[in-house]
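See structure below.
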Amino acid sequence: MDLIIKDKRHLPAAAKQLLKYSENKKIFAFYGSMGAGKTTIIKAVCEYLGAIDIATSPTFTLVNEYRTDSGESLFHIDFYRIKKQEEVYDFGIEEYLSGNSYCFMEWPELIEELLPPETVVVRISVDDREQRILSIS
């Protein structure tokens, strides 16, 4: 499935469609070049899920936890600064991938073989009109 986000006004609708398409799956791997909009799209999804906190890039913290208005945890992980796969075990990646909370990951290339089969893969590209195209599988 492909979603086109023409501009930031369309983010809430895209977040809703992404979650509807995922059929209650909770592990998401976002692929895209620097500046493609991974963090922005994850922020919109977290807002749609009722996050109280504002989602920000966890590039330096590696993992951000956001709470929803119903008390659920949403996890946002950024693997950009990870150099070796062994580093992800140090912060307990297995718990995030096997838990019952939503987990949104940026730059998952390094840990692809650890991703569960039910992971929703979101590939983001930018067209010549600066629209974001989300290819979801």
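Taken together, the values in this text are just the output of simple stated rules run on the coordinates, not laboratory data. In this text the structure is predicted, and so the values were computed from the model without any measurement. Using ideal geometry, Cβ is built from the backbone for each residue, glycine included, and neighbour counts are taken over all protein chains shown.
Tabulated values for the structure
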read-out: Virtual spin-label span in nm between Glu130 and Ile4, 7 Å along Cα→Cβ; value: 1.7
read-out: Tensor-based shape of the stretch 17-69 (alpha-carbon gyration tensor, a/c under 1.5 rounded, otherwise prolate or oblate); value: oblate
read-out: Distance (nanometres) between label positions extended 7 Å along Cα→Cβ at Gln85 and Ser137; value: 2.0
read-out: Longest exposed-site-free window of the chain, the sites being GluC sites (Glu not before Pro) in a DSSP loop that have at most 10 other C-beta atoms within 10 Å; value: 24-129
read-out: Compactness of the chain - radius of gyration and Dmax, Cα, Å; value: 14.0, 41
read-out: Helix axis angle, 38-48 relative to the chain longest principal axis, alpha carbon, degrees; value: 80
read-out: Helix axis angle, 11-21 relative to the chain longest principal axis, alpha carbon, degrees; value: 60
